[in-house]
Every structure is written in structure tokens, then in C-alpha cells.
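Here the structure comes first, spelled out in C-alpha cells, and everything after it is commentary.
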Amino acid sequence: MAETVLRADGIEAGYGRVQVLWGAGVTVRRKESVVLLGANGAGKTTLLKVLVGLLPAWKGHVFLDPDEVTAWRTDRRVRRGLAYMSEIGVFPGLTIEENLRVGGQFIEKSALKTRMEELYGYFPDLATRRGTLGGALSGGQRKMLGIAKALASSPKLLVMDEPSAGLSPLFVSQVIQVLSKFREQGLAMLIAEQNIAFLDLADRVFTLEGGRIRFEGTVAELEADDSLHKAYFGLS
Ligand code: ATP
């Protein structure tokens, strides 16, 4: 079995006295693209925040293999090869170029320069507007910038919170298209989503319900399970 890049188990976490996660866990293997599927309020954002170190785990363990990183700050995890794209994803008051520099702040200057040019190749709309503020971009372009910003550090693992949020179906398919290019190159990804269109990218799926993992398997296995099929693909 391929080496694991991210592993979390028994995660309990929440806000104040409100517990949201009840023993949730997830694994992402090298070069693997994993979708964490769940409805609004299932706890996807909360789990991702624990994985990237923005929210403490009350219980459980997070590993960026081979190290246990449960107590590590986010910046240390980022230096280790983790990148995180939140639902917002970009700094609206910074230009495209500045956003990419922030995303790549932990890598060496000349490597960042090369990486940025490489990313502008993947995102030509951003290349022609380097001085434009993130906040002046359309929703779709802003999402592309969010992805490029997260990739600026040349991560081993990209963790994304609802890349489809706020996007029209056309932009959703453009986002899926661009992510599939990076998937082909072997970038490991963990994508929290409620939009099943993202299953096109999934080597494996986890479903999260009420702060617990209900299912782990392939898309075909998910589709073969009657009750999960009804829950995620509707009745048809
Ligand atoms: P969404 O698609 O709406 O982002 P989600 O699956 O990401 O859903 P979470 O954002 O992790 O879900 O929220 C899980 C639960 O935690 C929800 O009941 C939510 O109301 C609650 N919650 C989220 N953030 C906070 C907070 N800062 N304080 C208190 N409760 C919170």
C-alpha cells in the first residue's frame, strides 16, 4: 500500500463547550486525491482546521508521516509540505502577485520565482493581471488565485475547504479541470465538499455525518451502497 502523507484518527474537537467532531479520522496516501463529502454543518471545516493546526484537537492524533504533528503550529506543518485553502482562499486587499508571495513565503526566493512563473503558466488569466487586487477578481478567478496561492509553496499535500463554494456550475467544472491537472502530476489532495461533481477527482471518499466518519471507500463502493447513494446522489 502506498505511503501515507496525512493520517488522523480519533479526532474530537469543537468550539467552547460545543463538541463537533466525535472520533473522526481520515487518511491521504501519496499521490492520492481524497474527497471528504458531507452536508452543511457535518463538521468538514472543523476537521480540516484540526488537520492544518488552526483548531486544537481535544482528543486524537494527526500525523504528517512520519511525524505526529498534533501539537505543531500551522506554519510548521506548512513548512513540512502541507498547504491549506480556506473557503475564502485569498487576501482581497493584496494583488495577485502578492497573494502568491504570501502563499510561498516559506520557500527560498529563487525557487518561489520559478514556481510563480510555472503557476502563471497554469493560470494564464492570473498571469495577465498580476497587479490586480484579489478583491477585484470575479468569484471564479478568485478561486483560481486561491488554488495558485496554496500551490505556491510546492506542497506535497493540498487541503481544500469547499472549492465549489459560491461558484456557478461553469466555474465549478473549470476548478475541477485545473485540479485534475495537478492530480495527474501526483499532488496529494484532500478536498472537503458537498458537491458530488468533485467525486470525479476522487481516488477515495470519506463521508462525514454529525462529526463522525460514516463511510470510507471508492466512489464505486459509495454508489453501490443504497442508503449512501440516496443520501448523496438523490433518489434517482
Ligand atoms: P459548511 O458546509 O456549512 O461549512 P461544515 O461541514 O464545514 O459545513 P463546520 O463548519 O465544521 O461544518 O460546522 C460544524 C458545526 O460546528 C456546525 O453545527 C456549526 O454551527 C458549528 N460551528 C462552526 N464554527 C463554529 C464556531 N466558531 N463556534 C461555534 N460553533 C461553530
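Net charge near E68, counting Lys/Arg +1 and Asp/Glu -1 over other residues with Cβ under 15 Å of its Cβ?
+3
Using the Cα centre as the reference, give the magnitude of the dipole from point charges on the C-beta atoms of the chain (Lys, Arg: +1; Asp, Glu: -1; all else neutral), rounded to the nearest 20 debye.
Details: 29 positive and 27 negative charges, 162 e Å.
Value, rounded to 20: 780 debye.
Go ahead and set up a Gaussian network model of the chain, Cα springs under 10 Å, then flag whichever of L158, L201, L137 fluctuates most.
Most flexible of the set in this elastic network: L137.
Principal axis lengths of the stretch 1-74 from Cα atoms, whole Å, largest first?
Ordered largest first, the stretch 1-74 gives principal extents of 38, 28, 19 Å.
Using R₀ = 35 Å, calculate the FRET efficiency as 1/(1 + (r/R₀)^6) where r is the Cβ-Cβ separation of K181 and F233; round to 0.05. Don't skip to the end; give the middle numbers.
Values: r = 26 Å, r/R0 = 0.75.
It comes out at approximately 0.85.
First select every other residue whose beta carbon is under 12 angstrom from the beta carbon of I176; then total the charges, Lys and Arg +1, Asp and Glu -1.
Values: positive: K143, K181, R183; negative: E193, D200.
The answer is +1.
Quick one: what does P(r) look like for the stretch 65-201 with 5 Å bins over all Cα pairs, in whole %?
2, 10, 21, 24, 22, 14, 6, 2, 0
Tell me, what HN-Hα J-couplings in whole Hz come from the Karplus equation 6.51 cos²θ - 1.76 cosθ + 1.60 at θ = phi - 60° for each residue of the stretch 52-67, using x for Gly and Pro?
Rounded to whole hertz, the list is 8, x, 8, 9, x, 7, 6, 8, x, 9, 10, 10, 9, 3, x, 8.
Would you be so kind as to identify which of S180, G139, A231 lies farthest towards the positive end of the dipole of the stretch 123-236, taking Lys and Arg as +1 and Asp and Glu as -1 on Cβ and the Cα centre as origin?
Value: G139.
Mind listing the Cα extents of the stretch 180-223 along all three principal axes, in Å, largest one first?
Principal extents (largest minus smallest coordinate, Cα): 33, 20, 16 Å.
Taking the 0 to 90 degree range and rounding to the nearest ten, how far is the long axis of helix 139-151 tilted relative to the main principal axis of the chain, both from C-alpha atoms?
Result, in degrees: 90.
Would you mind pulling out the separation of the Cα centroids of the stretch 4-36 and the stretch 168-236, in Å?
Between the Cα centres of the stretch 4-36 and the stretch 168-236 lies a distance of 16 Å.
Mind listing the long-range amide H neighbours of V20? Cut-off is under 5 Å, sequence gap 5 or more, other chains count too, H placed in the peptide plane at 1.01 Å from N.
Residues meeting the criterion, in which the H sits 1.01 Å from N, are A13, G14, Y15.
Rounded to whole Hz and in sequence order, give me ³J(HN,Hα) for the stretch 152-157 from the Karplus expression 6.51 cos²θ - 1.76 cosθ + 1.60, θ = phi - 60°, writing x for Gly and Pro.
These are the phi-based 3J(HN,Hα) values: 4, 8, 6, x, 8, 9 Hz.
Please state the charge dipole magnitude for the stretch 173-236, taken about the Cα centre, from unit charges on C-beta atoms (+1 on K and R, -1 on D and E), reported in debye and rounded to the nearest 20.
Working: 6 positive and 10 negative charges, 40 e Å.
It comes to approximately 200 debye.
Give me the Kirkwood hydrodynamic radius of the stretch 1-153, using the inverse of the mean 1/r over all pairs of distinct Cα atoms, in Å to one decimal. Can you show the working numbers first?
Working: mean 1/r = 0.0597 Å⁻¹.
When all Cα pairs of the stretch 1-153 are included, the Kirkwood radius is 16.7 Å.
Within the set of other residues whose C-beta is less than 15 Å from the C-beta of D225, count the net charge using Lys and Arg as +1 and Asp and Glu as -1.
That sum, taken over residues with Cβ under 15 Å, equals -2.
Is it possible to state the helix-based mean residue ellipticity at 222 nm for the chain, with each DSSP H run of 4+ residues giving -39500 (n - 2.57), the sum divided by total residues, to the nearest 500 deg cm²/dmol? What is it?
-10000 deg cm²/dmol
5 Å is the cut-off here: which amide hydrogens, built 1.01 Å from N in the peptide plane, fall below it relative to V159, excluding neighbours closer than 5 in sequence?
A83, Y84, M85, L190
In whole percent, what relative contact order does the chain give with Cα contacts below 8 Å and a gap of six or more residues?
Relative contact order, the chain: 28 percent.
State the answer as a single residue: which of F198, S153, A8 lies farthest towards the positive end of the charge dipole of the chain, with beta carbon charges of +1 for Lys and Arg and -1 for Asp and Glu, about the Cα centre.
S153
Applying the Karplus parametrisation 6.51 cos²θ - 1.76 cosθ + 1.60 with θ = phi - 60° to the phi angles of the stretch 117-129, what ³J(HN,Hα) value in whole Hz is obtained for each residue in order, glycine and proline being reported as x?
After applying 6.51 cos²θ - 1.76 cosθ + 1.60, I find 5, 4, 5, 4, x, 6, 10, x, 5, 7, 4, 7, 10 Hz.
Here, each number is a calculation from the coordinates, and none is a lab measurement. Computed from a predicted model, the values in this text were never measured in an experiment. Neighbour counts run over all protein chains shown; Cβ positions are idealised from the backbone, glycine included.
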